[in-house]
Structures are given as C-alpha cells and as structure tokens.
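The values are calculated or read from the model by the stated rules, or taken from the named source; none is laboratory data. Small disclaimer: the values here were computed from a predicted structure and weren't measured. Glycine also receives a Cβ, built like all others from the backbone with ideal geometry; neighbour counts cover every protein chain displayed. Quick note on the areas: whole protein, heavy atoms, side chains included, nothing else; ligands and nucleic acids left out. Shrake-Rupley method; radii C 1.70, N 1.55, O 1.52, S 1.80 Å.
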Amino acid sequence: MKLFIGNLPYDISESELLDLFTEFGQVVDNNLIKDQFTGKSKGFAFVEMSTRSGGQQAMEALNKRRYKNKDLVCNEAKPKKKGKRRR
C-alpha cells in the first residue's frame, strides 16, 4: 500500500521518515521529495508499506499526529495521472 505523507518538517531525513513507519510493518520503499537544486525536503513524501493492514495502521496513527511542531497528513496515495508533464 502506497501512502502520501504531507506537511513534513523541512529538516526531516529519510532515516527519520523510515523510523516513523517501521513500527507499523515492513517499509518497501520511502521517497522523500527534495528540491533538485538545494537538496532540501519539499515537505512531503511517499512511503510504500508491504501490507495493506500495515498501511491502514500507519494512516490511522500518523494522520493529524504532531511531529516536530507540524500536524502530519497521511493518506493513501493516488495513482499517477498519465499525460503531459510540466517543465
């Protein structure tokens, strides 16, 4: 199950993100979105859990949870839309 995580603190690292989700099950992939020029976090990420139940538990526990003075947003990621990409 792939999750979207928003409103992340800009100073979060990939290992911190991974630590947030490992208590709910095995993390298959985590992708912290970063600015291509500065390398700093853009404040959102995608995490893929190995099971749907682990993803559900993570969503319930982390959505609206306070982390480093930010209220996280955690919900199921929507599939990518096909079409032209902005440049």
Enumeration of residues in the range 35-44 that are in a strand (DSSP E or B) and open to solvent by less than 80 Å² (accessible area, probe 1.4 Å): Ser41, Gly43, Phe44
Residue count, the range 12-34 (criterion: assigned to a loop (DSSP other than H, G, I, E, B) and surrounded by 14 or more Cβ atoms within 10 Å (Cβ to Cβ)): 3
Tally of residues being open to solvent by 10 Å² or more (accessible area, probe 1.4 Å) and in a helix (DSSP H, G or I) across the range 47-60: 6
Per-region count, the range 61-87, residues of a type outside the set (Gly, Ala, Ser), out of contact with any helix residue (DSSP H, G or I) (no Cβ under 8 Å at 6 or more places or on another chain) and either surrounded by 12 or more Cβ atoms within 10 Å (Cβ to Cβ) or within 11 Å of Leu8 (Cβ to Cβ) (or both): 6
